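Engineer: Before we start, here is the structure in question, set down as structure tokens.
What follows is calculated from the coordinates using simple rules that are stated; it is not laboratory data. Quantities reported herein were computed from a predicted structural model and do not represent experimental measurements. Cβ placement follows ideal geometry from the backbone for every residue including glycine, while neighbour counts extend to all protein chains displayed.
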Amino acid sequence: MPHRLPPNPHVEGEQVRRRIAIEAARLIVEEGMHDHHDAKRKAVRRLGLPDTTTLPRNTEIDEALREHQRLFRSDSQPARVTLLREAALEAMQFLERFQPRLVGAALDGTADEHSAVCLHLFCDNPDDVLMFLGEHAIPFAQKSRRMRTDKAHESHFPAFTFVADDVAIDLTVFSLDGLRQPPLDRVSGKPMRRATMAGVQELIAATRAAQR
């Protein structure tokens, strides 16, 4: 009778984290969940695992998300990303006075039908943005957004949301100094990647060239 090797806790732990990451990615895509931690916790419950189960890192969720989109949304997801980038460019041109930068899923290519166009704006008086939207008769919602400015500190920033041509536009307003110091990405913990209008134009042009 062949001798069986004892179970390897490290390998088993990786397999469990992988299962959680795959389920969390599915929840993000199919149910529109945006918070990685909430998606992981719901995935644990869906899989019938103990609450004490070690959770995958956010970067593992993003890897599983990209894989899910390649496998199950390859016919529609790239077109959605392009549509959001084009909408982002229009919004950035409209908001040019606030030096807009594109961030988030539309920039990194993981956007889907639940994603908004997320822009960072810069001015020392957030009321300028409020007045600008009001002057152009744009209905909007206002809220406060908490973001991590470094590993030890969080700050609240004014945010505005509105809809243009059925695309959700999400604005976060920073002071002019915020141009030099992006907040930390909630997934990677690193400074958020931002793209200028020129950068977004290059992404759109590259996509169009690839489709020819």
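Engineer: Go through the range 105-192 and name the trypsin sites (Lys or Arg not before Pro) that are in a DSSP coil and have 10 or fewer other Cβ atoms within 10 Å of their Cβ.
Structural biologist: Details: sites: Lys143, Arg145, Arg146, Arg148, Lys151, Arg180, Arg186; in loops: Lys151, Arg180, Arg186.
Taking the range 105-192 and a limit of 10 other Cβ atoms within 10 Å, the loop trypsin sites (Lys or Arg not before Pro) found are Lys151, Arg180.
Engineer: If you wrap a convex hull around the Cα atoms of the range 9-72, how much volume per residue is inside, in Å³?
Structural biologist: Values: hull volume 5.0 nm³, N = 64.
Per residue, the Cα convex hull of the range 9-72 comes to 79 Å³.
Engineer: Can you tell me how the chain classifies by the Cα gyration tensor, rounded, prolate or oblate, using a/c under 1.5 as the rounded cut?
Structural biologist: Prolate is the answer for the chain, as a/c is 1.5 or above and a/b outweighs b/c.
Engineer: Once the range 47-108 is represented by equal point scatterers at the alpha-carbon sites, with solvent omitted, what log10 I(q)/I(0) does the Debye formula produce at q = 0.15, 0.23, 0.27 Å⁻¹?
Structural biologist: After summing over all Cα pairs, the log10 values are -0.66, -0.97, -1.11.
Engineer: Count the DSSP beta bridges whose two residues both fall in the chain, then state the antiparallel fraction as a percent rounded to the nearest 5.
Structural biologist: Counting DSSP beta bridges with both partners in the chain, the antiparallel share is about 75 percent.
Engineer: With the convex hull built on the Cα atoms of the range 140-212, state its orientation-averaged projected area in nm².
Structural biologist: Seen from a random direction, the Cα hull of the range 140-212 projects 6.8 nm² on average.
Engineer: Quickly work out the Leu130-to-Ala206 label distance, labels modelled 7 Å from Cα along the C-beta direction, and quote it in nm with one decimal.
Structural biologist: Computed distance between label sites Ala206 and Leu130 equals 3.9 nm.
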